[in-house]
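Working notes, structure below.
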Amino acid sequence: MKIATAKAPSNIAFIKYWGVYDPNLRIPSNSSISMNLDKLHTVTTVEFRKNLRADEITIDGVIDKKNSARVSEHLDRLRNIAGVKTKAIVVSKNNFPRSTGLSSSASGFAALTLAGASSLGLELCQKDLSIIARLGSGSSCRSIPDGFVEWHKGKSHSTSYSESIYPKDYWGIVDIVVIFEEKEKDFPTTESLRNAGTSIFFDKRIRMLGKKTADLKEAIRTKNFRKFGSIVEDEALEMHAVILTQKPSRIYLKPSTISVMNKVRLLRCKGLDVYFTINTGHNIHLICEENKAESVYNIFKNCENVKGIILNRPSVGARLIQNHLF
Ligand code: DP6
């Protein structure tokens, strides 16, 4: 079996994945839409070796039991497809802090799926790769195809997958990530998103999402940035309204996150078209068009408590590369 290395981008959801229809198969309650990010990525090298007694997994230089178990489970899925029991060496590197709301599980499981499948000699199409990646982490299925991506929720294992709706160069949208903390978030996403249905707002949200998703797609199709931005911002707040009111309730927003949200709104009043979105970390994503990127970047880079700022453009999806990590 050969050594294989894949590089996969993280992605930012414009319509969020929050709630599961089938937790075992990670079939979501709703379809979601995202953009791959060119400056946040995971590189993973996998080699299945006959003489190994157990998988040997190193992530960002650390061997960690909890993360290793989730990776091994994912390797089992690939081993089952290939009909082998061979263990593997996996080395994975993120170029950004993990578990801080920057979707390292998205890039991580997309890279692991592609590198693992290639190392086993499995010839899988993009749709099948996204279906397998989904089982490791839902949002990772959106990091397999290129550019702007839709994850069709589907109703079964084989119908819940992602596909590209536009290539990366379709629209010059920029995602400026403002990092406040490099510490891991307080509550893991997997557990929280499984409780989404306990919020009094959840059913209503699901009923309204079809129209919102269609409106967002129309805004992308017509490149109507204001319409697009206002839906994106509304969607992030709606997801957090569910998170705040689900049981147990969770608060992922920090004072620094909220101060940036307010600043974004103030800037809009002054005529600068910038919108925010946020996942389950307190780091915040600022969305604007290419011609506003420099202004937005310069305004936020020196704000209080900012530890880092990363300017992302749309990216291709997961790719095999030749620079192996061992
Ligand atoms: C808030 O894909 O990390 O970022 O399927 O349990 O691994 P698991 O969850 P994950 O959840 C991502 C949730 C989100 C919204 C989104 O990216 O759509």
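The values are calculated or read from the model by the stated rules, or taken from the named source; none is laboratory data. Keep in mind it's a predicted model, so treat the numbers as computed, not measured. Cβ sites come from the backbone with ideal geometry, for glycine too, and all protein chains shown count toward neighbours. Ligands, DNA and RNA are stripped out before the accessible areas are found, and what is left, the full protein with its side chains, is counted by its heavy atoms. Shrake-Rupley method; radii C 1.70, N 1.55, O 1.52, S 1.80 Å.
Size of the chain along its principal axes in angstrom, Cα-based, largest extent first?
64, 40, 38
How tilted is helix 65-82 with respect to the longest principal axis of the chain? Cα atoms for both, answer in degrees (0 to 90, nearest 10).
60
Leaving out ligands and nucleic acids, note down the accessible area per residue over the chain with a 1.4 angstrom probe, in whole Å².
On a per-residue basis, 43 Å².
Under the rule of -39500 (n - 2.57) per DSSP H run of 4 or more residues, summed and divided by the residues of the chain, what mean residue ellipticity at 222 nm is obtained, to the nearest 500 deg cm²/dmol?
So the helix-based figure for the chain works out to -11500 deg cm²/dmol.
Under 12 Å from the Cβ of Glu47, count the other residues' Cβ atoms, weight Lys and Arg +1, Asp and Glu -1, and hand me the total.
Every neighbour counted, the sum reads +2.
Of all beta bridges DSSP finds with both residues in the chain, what is the antiparallel percent, to the nearest 5?
90
Helix 104-119 sits at what angle to the longest principal axis of the chain, using alpha carbons and giving 0 to 90 degrees rounded to 10?
30
Through the Karplus equation 6.51 cos²θ - 1.76 cosθ + 1.60, θ set to phi - 60°, convert the phi angles of the range 147-154 into ³J(HN,Hα) values in whole Hz; use x for Gly and Pro.
Result, ordered by residue: x, 8, 10, 10, 9, 6, 4, x Hz.
For the pair Asp215 and Leu237, how long in nm is the line joining their label points, each one 7 Å along Cα→Cβ?
About 1.2 nm separates the two model spin labels.
When ranked by the protection proxy of mean other Cβ atoms within 10 Å per residue, highest first, what sequence do the peptides 133-143, 235-245 form?
133-143, 235-245
Name the shape class, rounded, prolate or oblate, that the alpha-carbon gyration tensor gives for the range 105-233, where a ≥ b ≥ c are the square roots of its eigenvalues, rounded holds for a/c under 1.5, and otherwise prolate holds if a/b is larger than b/c and oblate otherwise.
On the way: a/c = 1.40, a/b = 1.21, b/c = 1.16.
Since a/c stays below 1.5, the shape of the range 105-233 is classed as rounded.
Where Lys and Arg each count +1 and Asp and Glu each count -1, what net charge lies around Ala117 among other residues with Cβ under 14 Å from its Cβ?
+2
Please work out the Kirkwood hydrodynamic radius for the range 57-181, using every pair of different C-alpha atoms, and report it in angstroms with one decimal place.
Computed over the range 57-181, the radius equals 15.5 Å.
Mean-square fluctuation check for the chain, GNM, Cα pairs under 10 Å: which of Glu233, Glu289, Glu304 is largest?
Highest fluctuation among the options: Glu304.
For Lys247, go through the lysines and keep the ones whose alpha-carbon is under 29 Å away, minus same-chain ones fewer than eight residues off.
By straight Cα distance, Lys247 reaches Lys16, Lys65, Lys66, Lys153, Lys155, Lys183, Lys185, Lys204, Lys211, Lys212.
Can you give me the C-alpha center-to-center distance between the range 141-202 and the range 258-300, rounded to a whole angstrom?
20
Work out how far the C-alpha atoms of the range 1-138 reach from end to end along every principal axis, then list the three figures in whole Å, largest first.
Answer, in whole Å and largest first: 45, 29, 26 Å.
With springs connecting C-alpha atoms under 10 Å apart, model the chain as a Gaussian network and identify which of Thr113, Thr280, Thr189 has the largest mean-square fluctuation.
It is Thr189.
Classify the range 173-299 as rounded, prolate or oblate from the Cα gyration tensor: take a ≥ b ≥ c as the square roots of its eigenvalues, call it rounded if a/c is under 1.5, otherwise prolate when a/b beats b/c and oblate if not.
oblate
Of all DSSP beta bridges in the range 22-92, what percent run antiparallel (nearest 5)?
Here the share of antiparallel DSSP bridges comes out near 65 percent.
Run the numbers for Glu123 and Ser156: contour at 0.36 nm per residue of separation, minus the present Cα-Cα distance, in nm. Please report the intermediate quantities before stating the final value.
Working: separation 33, 0.36 × 33 = 11.88 nm, distance 2.20 nm.
Result for the pair: 9.7 nm of gain on full extension.
Give the lysines whose C-alpha is closer than 16 Å to that of Lys85, dropping any in the same chain fewer than 8 places away, or say none.
Leaving aside lysines fewer than 8 places away in the same chain, those within reach of Lys85 are Lys2, Lys50.
Compare Ile299, Ile89, Ile309 in a GNM of the chain, Cα atoms joined below 10 Å, and give the one with the largest fluctuation.
Judging by the Gaussian network model, the answer is Ile299.
Can you tell me how the range 6-66 classifies by the Cα gyration tensor, rounded, prolate or oblate, using a/c under 1.5 as the rounded cut?
Note, shape of the range 6-66 comes out oblate.
Would you list which aspartates and glutamates come within 14 Å of Lys127, measuring only between C-alpha atoms, while excluding same-chain residues fewer than 8 positions from it?
Asp146, Glu150, Glu163
If you line up the long axis of helix 126-136 against the longest principal axis of the chain, both from Cα atoms, how many degrees apart are they, to the nearest 10?
With rounding to tens, the tilt is 90 degrees.
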